[in-house]
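The values are calculated or read from the model by the stated rules, or taken from the named source; none is laboratory data. Here the structure is a predicted model, which is why all the values come from computation and not from measurement. Cβ atoms come from the backbone with ideal geometry, glycine included; neighbour counts cover every protein chain shown.
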Amino acid sequence: MTPFERYKMWLKGGFLSPEDREELEKIKDNKKEIEERFYGELEFGTGGIRGIMGLGSMRMNVYNIGRVSQAIAKYIKDKGF
């Protein structure tokens with residue numbers, strides 16, 4: 001998925017607050033900013049999950065914390081803990 005596809009997915013996802021949607025809409029013409037914020041997804045490593053605070057799939061924010069929390073919960077459930 002390209003950064004621009006991921007950016008559009010976030011805008012169309014229906015999960016953004018009005019303020020967050022407005023912030024992302026402000027960067028719609030800023031190719032560099034979109035690429036920096038959406039070139040991939042934050043990954044959980046040996047030091048946990050870390051990133052620059054802000055909106056985007058490559059930023060630390062409430063949406064990525066939710067995604068990681070769901071993944072951890074699924075792992076725990078699947079393992080039967």
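Got at least one residue in segment 60-72 being basic (K, R), assigned to a helix (DSSP H, G or I) and modelled with pLDDT under 95? Within segment 60-72, one or more residues are basic (K, R), assigned to a helix (DSSP H, G or I) and modelled with pLDDT under 95. Here the condition is being surrounded by fewer than 10 Cβ atoms within 10 Å (Cβ to Cβ), at pLDDT below 95 and either more than 16 Å from M9 (Cβ to Cβ) or in contact with a helix residue (DSSP H, G or I) (Cβ under 7 Å, 6 or more places away or on another chain) (or both); of G51, G47, it holds for G47 alone. Only residues that are in a loop (DSSP other than H, G, I, E, B) and either among the acidic types (D, E) or touching a residue at least 12 places away in the same chain (Cβ under 8 Å) (or both) were counted in segment 29-52, giving 9.
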